[in-house]
Amino acid sequence: MGEIRVVIADSDVQTRRSLKAILSKAGHVIVGEADDGLAALKLVRTRQPDLVILDAKMAVMDGAEFAYIIEDDGLAPVILMVPGDQFGTYEPNDEKQSFAYVIKPVTENCLLPIVDVVIKNYKRIRNLEQEVAKLRETIETRKLVEKAKGILMDTYKLPEAEAFKRIQKQSMNKRVSMKSVAKAIILSYEINL
């Protein structure tokens with residue numbers, strides 16, 4: 001999978017050492033370590049890691065709470081380490097939650113496959129979110145252009161193709177998007193009502 005930049009957050013120094021050894025051996029880089037949730041959040045915001053591995057029970061800020069913050073802000077994918085006897089208490093409370101769980105103590109055979117899957121899923125989700133945003137933008141632009149076309153057709157008694165050409169030509173002449181031209185036409189029309 002290549003080099004992954006990781007932040008580790010766990011109050012137990014031995015666990016952090018163990019994780020660091022496993023990840024370093026796999027060719028990943030540890031860009032920060034923290035022993036409490038608040039320090040970990042600061043690290044994540046400043047170092048912008050590719051992955052965050054954290055303990056479910058940390059001082060200052062609970063690991064699950066911290067994971068939700070990171071996920072909501074889209075900062076990095078998260079792997080939450082949970083004691084085996086407490087796994088059921090960390091079930092997802094909503095369908096948006098997508099961080100992974102591993103049971104402590106974490107072993108190399110357990111962690112590395114999960115790291116790969118979490119990174120791939122995170123990238124896939126981010127790509128899908130970008131596609132959705134582009135599609136929304138395209139739909140919004142089309143709606144505005146259609147409305148502006150309608151205004152030009154009604155106001156100047158133009159055929160649809162000619163109204164579209166005028167918007168397109170104005171866009172090229174002014175070097176602005178067709179969406180901006182359409183917004184200007186709509187605004188001008190609404191002001192003159």
Condition (residue is under 20 Å from the mean Cα position of the chain (by Cα), part of a strand (DSSP E or B) and modelled with pLDDT of 95 or more) applied to region 8-24: is it met by at least one residue?
yes
Determine the pairs where a residue that is closer than 17 Å to residue 189 by Cα, located within region 155-167, has a partner that is assigned to a helix (DSSP H, G or I) and aromatic (Phe, Trp, Tyr) with Cβ atoms under 9 Å apart, the partner being 6 or more residues away or on another chain.
155/189; 163/156; 166/156
Please indicate, with yes or no, whether at least one residue in region 27-44 is closer than 17 Å to residue 115 by Cα and surrounded by fewer than 17 Cβ atoms within 10 Å (Cβ to Cβ).
yes
Inside region 139-167, can you point out the residues that are of a type in the set (A, V, I, L, M, F, W, C) and either closer than 12 Å to residue 179 by Cα or within 37 Å of the chain's Cα centre (by Cα) (or both)?
139, 144, 145, 148, 164, 167
If I filter region 97-138 down to residues being closer than 30 Å to residue 20 by Cβ and small (Gly, Ala, Ser), which single residue comes out as farthest from the chain's Cα centre (by Cα)?
100
Those residues that are in contact (Cβ under 8 Å) with a residue 40 or more places away in the chain and either assigned to a helix (DSSP H, G or I) or touching a Pro at 6+ places or on another chain (Cβ under 9 Å) (or both), I need them from region 56-67; list them, please.
57, 63, 66
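The values are calculated or read from the model by the stated rules, or taken from the named source; none is laboratory data. None of these values were measured; they are calculated from a predicted model. Backbone-built Cβ (ideal geometry, glycine too); neighbour counts: all protein chains shown.
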